[in-house]
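Data first, discussion second: the structure below is written as structure tokens.
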Amino acid sequence: MAEGDSNGSSKPTVTPYREALDALSSLITKRSRADKSNYGDRFDVLFDYLKILELEEAISEMKIIHVAGTKGKGSTCTFTESILRNCGFRTGLFTSPHLIDVRERFRLDGMDICEEKFLAYFWWCYDRLKEKCTEDIPMPTYFRFLALLAFKIFSAEQVDVVILEVGLGGKFDATNVVQKPIICGVSSLGYDHMEILGNTLAQIAGEKAGIFKDGIPAFTVPQPDEAMNVLEQKASELNVHLQVVEPLDAKLLNGLKLRLEGEHQYLNAGLAIALSFTWLQRTGHHEFTHMEKASSLPEQFIKGLTTASLQGRAQIVTDQYINAESYGDLVFYLDGAHSPESMEMCARWFSLAIKEDSQKTTFNYPPQNNSESTIGLVQEHHDGRYGKSSMQILLFNCMSVRDPQLLLPRLMKACASHGVYFKKALFVPNSSVYYKVGSHALPPTDSQVDLSWQFALQKAWENLIQSNKGGEVKHAVAVCEEGKEDTKMSGKTCENSAVFPSLPFAIKWLRESVHRNRSVQYQVLVTGSLHLVGDVLRLVKK
Ligand SMILES: Nc1ncnc2c1ncn2[C@@H]1O[C@H](COP(=O)(O)OP(=O)(O)OP(=O)(O)O)[C@@H](O)[C@H]1O
Ligand SMILES: [Mg+2]
Ligand SMILES: [Mg+2]
């Protein structure tokens, strides 16, 4: 990373990279993303930008795979990129959002674009647009600029295949300037961004089908009828051969596992395989496609699927800023799940991952003490790290449009069914605004921060614990006293939960707890919001 520090308190130095990020931030419009009024606003102007940047011909020659959907777009694109790279092609991948650094959105041959190239292409586009834009053709907005930049990068780098994830919807998305992709994909459809895309699954599906192009084949995964009917109708209007692919059969991976975890990834992988095969076929690379109908996958496909990775999805990171003597005692398990279904997937992954980790370390370092201590609701798992026990902590936030009554019980129940209980749940507000591009600028923490949402989450959590307590658990659950200030750094602390006014305070509390309890390894599940996940990564990963 170009700048930024671990606690966000010092002033960042102005580096060339920082300057570019500031210029990029200037394109963020005041109107929120969840605002219908600028959705699809003057789509035509995108073609003016392409003229200014001399990209029209380059785009028409690109061999593009275009993917829309409500969930699984990024994963599908990541699998597809990895498969085709392992088949020997030079790849360009454009995804969204990013977690830490905007360069994550642009991958060349599977790697985030380097700063040097990013800066060169960034200013090439930005300066030209600044010079040529007028009152009638204003500077592109943030996401549009990023999509234009992606086209510039991929054309200049002469990649063999371009994989594009739609930003929002399909029809009016900036990526939809593509007229003739090689193949289109639609991942799982569901309810999200209804304020912009419409309230029914049919309306949402109609927007996503906006990426279909005359005569260009498309693939999708099994969808609810309401969505599928619309996809089929749009496909037939445009002479699109639409095929539905089944989830990948895990047996085809020869005993290996998908690198992206969770059952839904088999759906995304199935779609990625179909997109890759068809891309190979339609671009004349028949050396791989003879296996399409076979009962096994080409080894390049298996390698691609089992090595593809995406930040913030089932990711495990050890705190890298903690003192050397405590290194390894604070581990973050991060997943950006924020819907009830994905919350359950995430809980299952966490529960299994901490067990796997403990088995691994137990194998290396047999625990000195085999007794499991149970503190009230909390079971401390022995993980054998030099005889240490482990403790599970939840670090959570979600946007206030989500319903914690749907998310938190699913999470708690799924963990409990695997014998995993959280010693404490920490609630914090997000540090970054939605489109934040930099990696510093954590907001000042003062008494002005509105924590009412975090207190509501805390209350929901405490209620859940109370209602699960039943007769058999003796230990008394601390009842929070409204407004009670614990210390300056934690707004309100109860035995089972705490609200912190900002993430750095929560991390500080965790590090201090680790120092105080030298015999315990802290395993922190971070979930509920991809932005929270990104913020945590910024503070704990070098
Ligand atoms: N096919 C799927 N069905 C349901 N949930 C999924 C599916 N694929 C992924 N998810 C969930 O959605 C989260 C985001 O996955 P991914 O980044 O692949 O989707 P996306 O469509 O790119 O999302 P975004 O809208 O954030 O760009 C994952 O962490 C997982 O919890
Ligand atoms: Mg989305
Ligand atoms: Mg995405």
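Some values worked out for this structure:
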{"read-out": "Failed condition for F422, given (1) among the hydrophobic types (A, V, I, L, M, F, W, C); (2) at pLDDT 95 or above; (3) out of contact with any Lys or Arg (no Cβ under 9 Å at 6 or more places or on another chain); (4) outside any loop (DSSP other than H, G, I, E, B)", "value": "(4)"}
{"read-out": "The range 52-85, residues that are away from ligand 1 (no atom under 14 Å from the Cβ), within 27 Å of M139 (Cβ to Cβ) and either of a type in the set (G, A, S) or not in a helix (DSSP H, G or I) (or both)", "value": "L53, E54, L55, A58, S60, M62, I64"}
{"read-out": "Lone unmet requirement of (1) surrounded by fewer than 22 Cβ atoms within 10 Å (Cβ to Cβ); (2) in a helix (DSSP H, G or I); (3) within 16 Å of ligand 3 (Cβ to nearest atom) for S155", "value": "(3)"}
{"read-out": "Residues of the range 258-285 classified as of a type in the set (S, T, N, Q) and within 19 Å of F89 (Cβ to Cβ), total", "value": "4"}
{"read-out": "The listed residue being at pLDDT 95 or above, within 16 Å of ligand 2 (Cβ to nearest atom) and touching a helix residue (DSSP H, G or I) at 6+ places or on another chain (Cβ under 8 Å), out of G185, G206", "value": "G185"}
{"read-out": "Contacts under 6 angstrom Cβ, first residue in the range 146-162 being touching a residue at least 40 places away in the same chain (Cβ under 8 Å), partner in a helix (DSSP H, G or I) and hydroxyl-bearing (S, T, Y), 6 or more apart", "value": "A147/T175; L148/Y49; K152/Y121; I153/Y121"}
{"read-out": "When residues of the range 86-107 are limited to those that are over 14 Å from the mean Cα position of the chain (by Cα) and under 18 Å from F145 (Cα atoms), the one nearest to ligand 1 (Cβ to nearest atom)", "value": "L93"}
{"read-out": "Residues that are within 14 Å of ligand 1 (Cβ to nearest atom), assigned to a helix (DSSP H, G or I) and within 13 Å of V166 (Cα to Cα), drawn from the range 185-211", "value": "E207, K208, I211"}
{"read-out": "Conditions (1) on the phi < 0 side of the Ramachandran plot; (2) more than 15 Å from ligand 3 (Cβ to nearest atom); (3) among the small types (G, A, S); number of the one not met by G185", "value": "(2)"}
{"read-out": "The range 236-261, residues that are at pLDDT below 95 and surrounded by 20 or more Cβ atoms within 10 Å (Cβ to Cβ)", "value": "L258, L260"}
{"read-out": "Flag if Y49 is at pLDDT 95 or above and more than 16 Å from ligand 3 (Cβ to nearest atom)", "value": "yes"}
{"read-out": "Top-ranked residue of the range 289-333 - restricted to ones that are modelled with pLDDT of 95 or more and under 21 Å from L407 (Cβ atoms), ranked as nearest to the chain's Cα centre (by Cα)", "value": "Y333"}
{"read-out": "All positions within the range 263-287 that are surrounded by 21 or more Cβ atoms within 10 Å (Cβ to Cβ) and in contact with a helix residue (DSSP H, G or I) (Cβ under 8 Å, 6 or more places away or on another chain)", "value": "Q265, N268, A269, L271, A272, I273, L275, S276, F277, W279, L280"}
{"read-out": "Of all residues making up the range 160-173, the number that are crowded, with 23+ Cβ neighbours inside 10 Å and either within 16 Å of ligand 2 (Cβ to nearest atom) or part of a loop (DSSP other than H, G, I, E, B) (or both)", "value": "6"}
{"read-out": "Any hit, the range 105-112, residues being crowded, with 19+ Cβ neighbours inside 10 Å, within 13 Å of ligand 3 (Cβ to nearest atom), assigned to a loop (DSSP other than H, G, I, E, B) and of a type outside the set (S, T, N, Q)", "value": "no"}
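The values are calculated or read from the model by the stated rules, or taken from the named source; none is laboratory data. Keep in mind it's a predicted model, so treat the numbers as computed, not measured. Heads up, the Cβs are rebuilt from the backbone with ideal geometry, glycines too, and the neighbour counts pull from every protein chain shown.
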